[in-house]
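Everything on this sheet refers to the single structure shown next.
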Amino acid sequence: MVGLLHDFDYEKYADLENHPFKGVAHLKEKGYADELTEAILAHAEHAGIERDTNLKKAIFAVDELTGLIMAVALTRPSKKIADVTVESVMKKWKEKSFAAGVNRQMIETGARELGIPLEEHVEIVLKAMQGIAEKLGL
């Protein structure tokens with residue numbers, strides 16, 4: 001649920017002053033649990049929330065990575081995530097001009113906080129995304 005909701009307010013509030021704070025305020029008004037709203041805040045470094053649970057660490061660790069993986073998939077001739085490999089993600093990782101908006105440092109920090117080597121983290125997220133490729137439209 002955190003993964004689905006963490007950026008629901010982003011189109012309306014893309015600035016650091018409001019995102020994810022406005023969305024979290026709305027969710028709290030609707031009665032969403034503190035565990036969920038704190039995890040949503042934790043995905044944004046500027047919110048200053050300590051990532052002291054696996055949920056908070058996980059949403060932070062995958063947020064930027066999913067975007068990078070999707071970008072790699074869209075470079076494939078098939079445009080299918082099934083054709084993406086860990087190696088292809090890591091190759092594009094090194095190209096700083098590729099998906100330049102993806103904060104690679106945040107991905108590295110997230111993997112480290114989870115206690116997972118970077119390539120293993122990429123593999124876990126890639127496999128999860130491949131498992132729902134139809135829902136992702138990839």
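The values are calculated or read from the model by the stated rules, or taken from the named source; none is laboratory data. As the structure is a computational prediction, the values presented were derived from the model and not from experiment. Heads up, the Cβs are rebuilt from the backbone with ideal geometry, glycines too, and the neighbour counts pull from every protein chain shown.
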Subset of the stretch 3-26 (residues that are crowded, with 18+ Cβ neighbours inside 10 Å and in a helix (DSSP H, G or I))
5, 23, 24
Is it the case, given these coordinates, that residue 14 is small (Gly, Ala, Ser) and modelled with pLDDT of 90 or more?
no
Pairs, please: C-beta under 6 Å, at least 6 apart or cross-chain, first residue within 18 Å of residue 53 (Cβ to Cβ) and without any contact (Cβ under 8 Å) to a residue 60 or more places away in the chain and in the stretch 101-126, second of a type in the set (Phe, Trp, Tyr) and buried (at least 21 other Cβ atoms within 10 Å of the Cβ)?
110/60
Condition (residue is in contact with a Phe, Trp or Tyr (Cβ under 8 Å, 6 or more places away or on another chain), touching a residue at least 12 places away in the same chain (Cβ under 8 Å) and more than 23 Å from residue 134 (Cα to Cα)) applied to the stretch 78-90: is it met by at least one residue?
no
I'd like to check something: does the stretch 37-50 contain any residue that is in contact with a Lys or Arg (Cβ under 7 Å, 6 or more places away or on another chain) and touching a residue at least 40 places away in the same chain (Cβ under 8 Å)?
no
Helices (runs of 4 or more DSSP H) completely within the stretch 28-137 that count 1 or more residues being more than 12 Å from the chain's Cα centre (by Cα) and buried (at least 17 other Cβ atoms within 10 Å of the Cβ)
34-42, 54-75, 86-94, 104-114, 118-131
